[in-house]
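The values are calculated or read from the model by the stated rules, or taken from the named source; none is laboratory data. None of these values were measured; they are calculated from a predicted model. Cβ sites come from the backbone with ideal geometry, for glycine too, and all protein chains shown count toward neighbours. Just so you know, the surface numbers come from the protein's heavy atoms only, side chains and all, with ligands and any DNA or RNA stripped out. Shrake-Rupley method; radii C 1.70, N 1.55, O 1.52, S 1.80 Å.
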Protein chains: 2
Amino acid sequence: MKILGLAGSLMLFGAAAVSLRADAGMWLFSEPPREQLKARYGFDATDAWLDHLMKSSVRFNSGGSGSFVSADGLVITNHHVGADDLQKLSSAEHNYLRDGFSAATPEAELKCVDLELNVLQSIEDVTGQVNAAVDADLSADKAAEARRAAIAAIEKGSLEKTGLRSDVVTLHQGGAYHLYRYKRYTDVRLVFAPEQQIAFFGGDADNFEYPRYNLDVCLFRAYENGKPAHIENFLRWSAQGAADGELTFVSGHPGHTDRQLTLAELKFLRDVQFPYTLARLKRLEVLLGNWSARDGENARRARDDYFYIQNSRKAYDGEMAALQAPALFAAKATGEHALGNAAEVAGSLARVAASVEQQKELMVRQRLLDGRRHEVLFAPDAFWCDSFALARTLLRTPVERAKPDGERLEEYSDAARESFELALFTEKPIHSDLETLKLADSLGLLAEQFGHDDPFVQQVLAGKSPRQRAYELISGTKVRDVAFRRELYAGGAAAVAAAKDPLIELARLVDPAAREVRKRWEEIGEVKQQAHAVLERARFAQRGTGAAPDATFTLRLSYGVVKGYTESGKAIAPFTDYAGLYARSAAHEGREPFDLPARWVEKRSALDLAVPFNLVSTHDIIGGNSGSPLVNRAGEFVGIIFDGNLQGLILAFAYDEVEARAISVDSRGILEALRKVYGVEALVEELVNGRRPAAPRAPRVDG
Amino acid sequence: MKILGLAGSLMLFGAAAVSLRADAGMWLFSEPPREQLKARYGFDATDAWLDHLMKSSVRFNSGGSGSFVSADGLVITNHHVGADDLQKLSSAEHNYLRDGFSAATPEAELKCVDLELNVLQSIEDVTGQVNAAVDADLSADKAAEARRAAIAAIEKGSLEKTGLRSDVVTLHQGGAYHLYRYKRYTDVRLVFAPEQQIAFFGGDADNFEYPRYNLDVCLFRAYENGKPAHIENFLRWSAQGAADGELTFVSGHPGHTDRQLTLAELKFLRDVQFPYTLARLKRLEVLLGNWSARDGENARRARDDYFYIQNSRKAYDGEMAALQAPALFAAKATGEHALGNAAEVAGSLARVAASVEQQKELMVRQRLLDGRRHEVLFAPDAFWCDSFALARTLLRTPVERAKPDGERLEEYSDAARESFELALFTEKPIHSDLETLKLADSLGLLAEQFGHDDPFVQQVLAGKSPRQRAYELISGTKVRDVAFRRELYAGGAAAVAAAKDPLIELARLVDPAAREVRKRWEEIGEVKQQAHAVLERARFAQRGTGAAPDATFTLRLSYGVVKGYTESGKAIAPFTDYAGLYARSAAHEGREPFDLPARWVEKRSALDLAVPFNLVSTHDIIGGNSGSPLVNRAGEFVGIIFDGNLQGLILAFAYDEVEARAISVDSRGILEALRKVYGVEALVEELVNGRRPAAPRAPRVDG
């Protein structure tokens, strides 16, 4: 349930009570649910308690969450969050993603290729400032421009003033704008990862299921000035873990929810967006699965992509099932009806519905040419490979940077420059065979969607088949060479043009159409944001209190209790243990994906099989929460979120506490494995004491 | 490359010479390529030689080919052709599909559940009779009805006269109609099958690839009156096999090719039909793959479906790549241009193009509600599960049988009755969990394609989600019970209505729309057939001689030579051997799908590793040819076709001999395995001598 840039993450639903009010909620740290906590649990969420937890929480910009667990910069997250970095550090010789890694000494910690960690320092409401820049009589395109310019100015001003990464976040689908300031860490080193087979035991088959048995953890260390960062706010490790029924908290970065969407928008997801996305994911899953099966090295190269695709597909399938259940739509319709029919509300609902109709027309084109995300390493669906993403970025950079800050495409803003350059100059290995495979399939998708005889498609394919064209482009481009990218970045538009790089020239060919669709898409978004601001005011007036906004991959607090559930009449206990792990493997005769790493077979007798391994709780989470710490009232680390159950995928659209559950690795289970299976005593000591041991770390017991 | 009801089976294509003339061709036994054989190879294809080969060839109605290899009814085919029967004979206790089977004694041979074998006895040209029934001034719907009635009358008359299964086959896309008469065998027993892991070694990864190492064989025995059938025409087994460069023949049942389509029709495949079909196959592949991975018994239940889906997807992907290569379309355009622009030709091309436009509008609806095939056990895409297929058949039978023979939907004709009842009363196990999974996904597809708010969809879903509705329907229906089916079949329309079976009632709800789209689809087909008849006459006039028509799952002869090829500059030798099998498994460290059955690990030292195992040849084949014998000039069995390479998938659209290759198991490799690995001496003796040994068959050496 890593976020991976996807819409959040729903199943069914026999008994599930569909609630459109976020009873639990993914709360802003600036608007915590103090009253509810006090009333339901007698707990005081003090400013100091909240500030400490906020500053102990870490965002992985690659798409997940984590937390500091020692004064010496140690960060814990999920293995599947670290997978992106493990993949980038791996080679044909060292497959750290599959085989794991353990730094025997501090010097052996491996510097990540392009990982950026963010730690939230403050939150400021800038709604007034942003809206003041947008005159009510501006057309949608002018309004979108004005809003973007205002946001860029706020971000840049904040960066200059504080030196902190400064992001303006759109909340309540446009009802509010908050400025988030982060401390950034870009020297991050890998400390420890288990084998993927224990981190992701049961594979795609068990993903989003429970009971589970996954050691889905990975440890990094943040460095500053070449030394482990000194961290004031970190979480103390709990050797006791959490008890059944205990109040606990999750502090992390849920990626995306759609609870505040209107009925028309939900239908758009169900009828248009999800079917498109699922078809594409399944197409890619088959493509990468078959290619991986042909050869072990293929499998290694495609591993991170393949996991991403499978994980996303399972989440979307679950969410689609939720969208197909009539109860959700009935509840949503009731909610909208309850808002009354004041002209302002009715007009806003109608404007959203009209915008959705425009989106229906435009969506495939927007996905193919523009894409869901605007990042250095993210390419649109028609050209889905890192090389194209880099080529487009190199093409656009001099064009955008020549404009005033507020008029640029947002990812080229001055405030985003540091993170942008980190991503652009990544040393990540990019494999031409995998790139060719992905680009060929993407070009084929483009031809199918627009029609092979479409003049634009014919220009893109240049008289070749998609495979031939992809081969020609990938083998001809130099964008995979970091030195080449640095040269073009420094040389500006003239250097880019002089290079005559075939992939950059393709990006140039596509650019007018890509920019046009992006502009139209953003205009539609502006109209919707304005309408949602009205709807949010109406909802606020109705309930008379704040509610948690939809998730936006920013820090949120959710509360809940450790609790089992009932599935198809069967009681599911909240905790699993190591005995269960071995039993499940044996039930499948140790066959994939239920095989155990050799070390786990050998060390079985050393383990206390009764130690709790995984657990479920009622927390309101979604993709992006992966790696979030589970903490107790004392703010201690009692576990780490790594997944939700299929029933929990409904959380994208509505909160449910009957069957929806968050799944964590238990803090006790982690320590047991680190001690008994991996023998990494120094690391255990650091976790237990909250600082690195003074003496050199002892070598691992085994290989 | 079993046919499995799919369009035939293409890749690309650097060097492949695309030829739209079927130089090699899948020849009718009634119009064999005598001159070419004489001229190129000095070989006389005499009537006796052809008749013997024809009557030794066997069609598996489940979708493949085979041949008699002893006077006592022994039939050899591919394991993946027999897989359908192995699956139906298997249970949670005996997984014959995975683990193989060997009848230690004749009595132990297992009777197949519903397998029908057909052996072609004669071919008669009835083009004049069929066309005489269709007045030139009839509207398309009346013409289609008249043609169907004429065909039904010919078939029924032939059945009554000869007692033989009588099928009128449409050739040259409507240019000719031939009556095929078959001897039927419906008591067919399983004699021997190896483990699926050696039959399909390398799995989906190696499917359509070469070099290969597959023992893709399966042996059945045809019975008559409870005793092994006495067979006059069977193939003698060659202990020598074929040599590199040797002329050989393939006699089998290629399913479907599209070489005679017009440019407009090919574009329809590329732009509409293939994208739809591929998206659906990939969706099902992911669905079944994930479900299978959850549990071993799930995997067993879904195994045959899953193989079918993966195999089809790989074939379609390869064919799609061929369709995306500009060379094919350029050659097709040149061919049409060469036909000249006489009014009749131009008009026919225009009529085909106009029909294609109508098909574009109708295709998704036709696939969802009507389906690609009209068989007892084949359901349309929106209701894809055996239970629905049975429910629809039970609903329609009394309605159709009440009409005159010539006015019925063709599958309800009197001539087809015996095969129809065999299929309807199949004892095949139908698992409600798998059925629910498939139906839920299918209903979801329907909702996505028509829109969830469509009134028809709402009627079908009855206020439930697709999963809930599927569960309700599958758990509520009794159609999986053979006694129930017999009762309704005997009871007629009144019994069907009285049963109030929920799935039959769903079929009733859907039936008006399904019949309507089928009628419109058939009308379009009639217009195209008439136009193609004109085009075929023009082509015939131009070349002055017969050419092989597109494949129609009827018996065809192709000739070619054993020959390696060059791929990406690398020479690929024609033969592989057992040493190569073990080397490939070792290169993948014995991991799935390159693991070997335990028996093959144990018996390695007993095998002569230099014995040829698989081989490639230039024969013109396609899906449906699986299991076809490869015979030498003397008519001896030298191998068995089981696949084509990816480059060979272009054969669906055009012949190529540069890289396209058929792949066979070598007759020598088969004998070596039967002797050394399986120790089935009696079976070896029967193959070598062409009759069962008199003495009781010796038991197998091992389990």
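Quick look at the values:
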item: All positions within the stretch A:360-397 that are part of a helix (DSSP H, G or I) and open to solvent by 30 Å² or more (accessible area, probe 1.4 Å); result: A:Lys360, A:Glu361, A:Val364, A:Arg365
item: Of all residues in the stretch A:565-604 being of a type in the set (Gly, Ala, Ser) and under 30 Å from the mean Cα position of the chain (by Cα), the one that is nearest to the other protein chains (Cβ to nearest Cβ); result: A:Ser585
item: Hits in the stretch B:676-689 (condition: touching a strand residue (DSSP E or B) at 6+ places or on another chain (Cβ under 7 Å) and surrounded by fewer than 19 Cβ atoms within 10 Å (Cβ to Cβ)); result: B:Val688
item: Residue within the stretch B:243-265 that is modelled with pLDDT of 95 or more, more than 21 Å from the chain's Cα centre (by Cα) and aromatic (Phe, Trp, Tyr) present; result: no
item: All positions within the stretch B:493-508 that are open to solvent by less than 40 Å² (accessible area, probe 1.4 Å) and not hydrophobic (A, V, I, L, M, F, W, C); result: B:Asp501
item: Residue, surrounded by the fewest Cβ atoms within 10 Å (Cβ to Cβ), within the stretch A:84-96, restricted to residues that are modelled with pLDDT of 95 or more and of a type in the set (A, V, I, L, M, F, W, C); result: A:Leu89
item: Residues within the stretch B:569-614 that are open to solvent by 60 Å² or more (accessible area, probe 1.4 Å) and in contact with a helix residue (DSSP H, G or I) (Cβ under 7 Å, 6 or more places away or on another chain), tallied; result: 3
item: The stretch B:305-318 residues that are more than 15 Å from B:Leu651 (Cα to Cα), paired with ones that are of a type in the set (Asp, Glu) (beta carbon under 8 Å, 6 or more apart); result: B:Tyr306/B:Glu285; B:Ile309/B:Glu285; B:Gln310/B:Asp204; B:Gln310/B:Glu285; B:Asn311/B:Asp204; B:Arg313/B:Glu285
item: Looking only at the stretch B:422-449, and only at residues there that are open to solvent by 40 Å² or more (accessible area, probe 1.4 Å) and within 23 Å of the chain's Cα centre (by Cα), the one that is farthest from the other protein chains (Cβ to nearest Cβ); result: B:Leu422
item: Pair list, Cβ under 6 Å, 6 or more apart: the stretch B:446-466 residue under 19 Å from A:Ala264 (Cα atoms), other residue polar (S, T, N, Q) and open to solvent by less than 50 Å² (accessible area, probe 1.4 Å); result: B:Ser465/A:Gln324
item: Count - residues of the stretch A:309-367 that are within 13 Å of another protein chain (Cβ to nearest Cβ) and of a type outside the set (Val, Ile, Thr); result: 23
item: Count of residues meeting criterion [among the acidic types (Asp, Glu) and open to solvent by less than 10 Å² (accessible area, probe 1.4 Å)] in the stretch B:632-675; result: 3
item: Residue match in the stretch A:293-300 (condition: within 30 Å of A:Glu636 (Cβ to Cβ) and in a helix (DSSP H, G or I)); result: no
item: Which listed residue is in a helix (DSSP H, G or I) and within 19 Å of A:Leu368 (Cα to Cα), from A:Leu288, A:Leu281; result: A:Leu281
item: Selection count where residues are within 14 Å of another protein chain (Cβ to nearest Cβ) and touching a strand residue (DSSP E or B) at 6+ places or on another chain (Cβ under 8 Å), scope the stretch A:185-226; result: 5
item: Positions within the stretch A:450-485 being within 28 Å of the chain's Cα centre (by Cα) and open to solvent by 60 Å² or more (accessible area, probe 1.4 Å), in sequence order; result: A:Arg480, A:Asp481
item: Extreme residue, least open to solvent (accessible area, probe 1.4 Å), among residues of the stretch B:398-421 that are among the basic types (Lys, Arg) and closer than 19 Å to B:Asp511 by Cβ; result: B:Arg408
item: Residue count, the stretch A:266-303 (criterion: at pLDDT 95 or above, within 19 Å of B:Tyr306 (Cα to Cα) and at the interface with another protein chain (Cβ under 7 Å from one of its Cβ atoms)); result: 5
item: Segments classed as helices (runs of 4 or more DSSP H), wholly inside the stretch B:451-536, with at least 1 members that are within 14 Å of chain A (Cβ to nearest Cβ); result: B:455-461, B:466-476
item: Every residue from the stretch B:101-112 that is within 24 Å of B:Phe420 (Cα to Cα) and either among the small types (Gly, Ala, Ser) or open to solvent by less than 40 Å² (accessible area, probe 1.4 Å) (or both); result: B:Cys112
item: Elements of type strands (runs of 3 or more DSSP E) in the stretch A:604-703, at least 3 residues being within 24 Å of A:Gly202 (Cβ to Cβ); result: A:612-617, A:637-644, A:662-666
item: Selection status of A:Thr576, at pLDDT below 95 and in a strand (DSSP E or B); result: no
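The rows are residues; the columns are (1) in contact with a helix residue (DSSP H, G or I) (Cβ under 6 Å, 6 or more places away or on another chain); (2) over 30 Å from A:Ala293 (Cβ atoms).
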site	(1), (2)
B:Gly203	no, no
B:Asp244	no, yes
B:His256	no, no
B:Ala264	yes, yes
